[in-house]
Amino acid sequence: MKFEKAVPILYSTDVVQSLNYYVEKLGFDEKWEWNSPPDFGGVVKGEVQIFFCKQNQGNPGTWLSIFVDNVDEFYEDVKSRGAKILSVPDDKPWYVREMLIEDPDGHIIRFGHGIECD
């Protein structure tokens, strides 16, 4: 048996707001929504997918880690888009160069890429 992927489902107070933040501020490529008004939806960028559920399936303030090919380039992009950046890219002792971003529901996303160990 092969595991294919994991897709987090994040709590959202407003699914449309969540979808728009991830597309407009974080650069996700696609979004979709379910029902009218939407109570479920998701975003996609490459192999990364995130689902949002209105006031259900989780709690505000969930942490998530997403690996990108170049976190410094990503930082410059999301900074220009107005994302809520909590920390700039920095080399961590766990061999990841990462930064922190917060979304409208208080979820914290670690964006980073691996670095060589000493």
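The values are calculated or read from the model by the stated rules, or taken from the named source; none is laboratory data. Because the structure is a prediction, the values reported are computed rather than measured. Cβ placement follows ideal geometry from the backbone for every residue including glycine, while neighbour counts extend to all protein chains displayed. Side chains included, ligands, DNA and RNA excluded: accessible areas come from the protein's heavy atoms. Shrake-Rupley method; radii C 1.70, N 1.55, O 1.52, S 1.80 Å.
A few points about this structure:
- Residue count, the range 92-109 (criterion: open to solvent by 80 Å² or more (accessible area, probe 1.4 Å) and either in contact with a Cys (Cβ under 8 Å, 6 or more places away or on another chain) or at pLDDT 95 or above (or both)): 1
- Within the range 44-61, the only residue that satisfies the criterion of being surrounded by 15 or more Cβ atoms within 10 Å (Cβ to Cβ) and modelled with pLDDT under 95 is Gly58.
- Candidate set: the range 62-83, residues that are in contact with a strand residue (DSSP E or B) (Cβ under 8 Å, 6 or more places away or on another chain) and surrounded by fewer than 16 Cβ atoms within 10 Å (Cβ to Cβ); chosen: the one nearest to Gly112 (Cα to Cα): Phe67
- Among the residues of the range 1-15, those that are part of a loop (DSSP other than H, G, I, E, B) and either surrounded by 15 or more Cβ atoms within 10 Å (Cβ to Cβ) or not aliphatic (A, V, I, L, M) (or both) comprise Lys2, Phe3, Glu4, Lys5, Pro8, Thr13, Asp14.
- For the range 16-43, the set of residues classified as open to solvent by less than 30 Å² (accessible area, probe 1.4 Å) and either part of a strand (DSSP E or B) or polar (S, T, N, Q) (or both) consists of Ser18, Gly41, Gly42, Val43, listed by residue number.
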